[in-house]
1. Taking strands (runs of 3 or more DSSP E) that do not extend beyond region 134-234, which have at least 2 residues that are over 17 Å from the mean Cα position of the chain (by Cα) and either surrounded by fewer than 20 Cβ atoms within 10 Å (Cβ to Cβ) or in the same structural domain as M94 (by TED's automatic domain parsing) (or both)?
2. Does region 86-94 contain at least one residue that is hydroxyl-bearing (S, T, Y) and part of a loop (DSSP other than H, G, I, E, B)?
3. Is it the case that some residue within region 119-127 is of a type in the set (S, T, Y), surrounded by fewer than 16 Cβ atoms within 10 Å (Cβ to Cβ) and under 23 Å from S289 (Cα atoms)?
4. Which residue, of A241, A247, is more than 19 Å from the chain's Cα centre (by Cα) and of a type in the set (A, V, I, L, M)?
5. Restricting the search to region 190-241, which residues are more than 13 Å from the ligand (Cβ to nearest atom) and among the hydrophobic types (A, V, I, L, M, F, W, C)?
6. Can you pull out every residue in region 242-272 that is open to solvent by 10 Å² or more (accessible area, probe 1.4 Å), within 23 Å of L91 (Cα to Cα) and within 14 Å of the ligand (Cβ to nearest atom)?
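The values are calculated or read from the model by the stated rules, or taken from the named source; none is laboratory data. These numbers were taken from a predicted model, which means no experiment stands behind them. When we count neighbours, we look across all protein chains shown, and the Cβ atoms used for this are built from the backbone with ideal geometry, even at glycine. All accessible areas refer to the heavy atoms of the entire protein, side chains included, with ligands and DNA or RNA removed. Shrake-Rupley method; radii C 1.70, N 1.55, O 1.52, S 1.80 Å.
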Amino acid sequence: MTTPLFVGMPGNETMTVALARKLGGDIGQLELHAFPDGETYLRLLTDVADRALVIVCTLDRPNAKLLPLLFAAATARELGAAKVGLVAPYLAYMRQDRRFKPGEAVTSRQVAQLLSNAFDWLVTVDPHLHRYGSLGDIYRIPTGVVRAAPLISGWIRGNVGNAHIIGPDSESEQWVAAVAADIGASYAVLEKTRLGDRDVEISAHGLQNLGARTPVLVDDIISSGRTMLEAVRLIVALGAATPICIAVHGLFADHADALLAQAGARVITSNSIPHGSNAIDVSESIAASVLELVRSAGESGSSQPLE
Ligand code: R5P
């Protein structure tokens with residue numbers, strides 16, 4: 001087995017170094033440059049011939065990232081990389097999982113096709129699986145999924161006494177129920193109606209009197225932040241303490257981080273997307289998931305992702 005080579009797309013340097021250290025890999029370099037007309041120049045500065053290449057690229061704000069990522073993977077193949085895997089701690093375009101109105105693009109499927117064509121395997125953290133049972137419903141390549149719930153539980157255990165875990169909508173119940181069970185806390189799930197991209201209504205259905213418990217909101221994604229903001233306002237209006245807001249992926253569109261800070265909420269996220277709120281490290285679990293893919297590929301007789 002040759003030593004795997006880890007290459008981070010811009011902005012992914014910290015995660016790339018962490019994974020290379022944990023998995024005993026080398027760090028490779030690439031050069032990216034935007035021409036005045038917006039086209040991309042890309043050059044792999046490290047020889048990838050016969051190497052198992054792992055490209056690390058979290059996919060928040062994905063449109064600007066996807067094309068350079070596809071160029072990097074295609075170039076690596078042209079230059080003889082043995083395998084090209086993708087670690088995308090945040091996997092974009094998972095929420096458009098159905099044609100809600102005639103003519104809509106089901107972009108989750110289309111992005112899955114692009115990435116399945118470009119890469120040999122994929123590891124990500126808590127993809128937004130709502131109407132899909134698993135990534136295998138849309139990805140044709142082996143996938144590894146890191147579950148952040150145990151890490152969120154560990155953070156709450158170490159930092160919050162007497163927590164009451166609250167999910168802002170029914171989709172969050174998978175994380176909320178797992179975290180509450182892990183730490184032996186009570187939980188509730190609120191009811192959310194989405195009226196628009198930046199407009200949600202949340203009702204307190206299911207929220208009992210919190211007493212002295214600390215409300216801890218847990219969701220997979222903070223995007224515009226409206227879900228968390230409305231939930232925070234509702235919980236505070238009911239006379240409880242200002243909740244701690246925990247999300248696996250902090251996208252923070254529209255300065256959502258500043259709006260949540262103004263509302264008095266403490267925000268905690270995983271480092272799937274680099275941000276000042278990162279307090280939950282997913283790198284160890286990502287490394288374990290990559291190794292697990294290696295092992296199961298070996299057991300199934302197919303060639304191993306890191307070879
Ligand atoms: C929705 O299904 C997700 O679980 C999140 O609740 C949602 O993406 C959050 O979006 P926003 O921050 O824009 O309200």
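1. So the answer is 186-189, 191-196, 199-203.
2. Within region 86-94, one or more residues are hydroxyl-bearing (S, T, Y) and part of a loop (DSSP other than H, G, I, E, B).
3. No: zero hits.
4. Among A241, A247, only A241 is more than 19 Å from the chain's Cα centre (by Cα) and of a type in the set (A, V, I, L, M).
5. If the condition is that a residue be more than 13 Å from the ligand (Cβ to nearest atom) and among the hydrophobic types (A, V, I, L, M, F, W, C), then A204, L207, L210, A212, V216, L234, I235, V236, A237, L238, A240, A241 are the ones that fit.
6. L251, F252, A253, D254, H255, D257, V267
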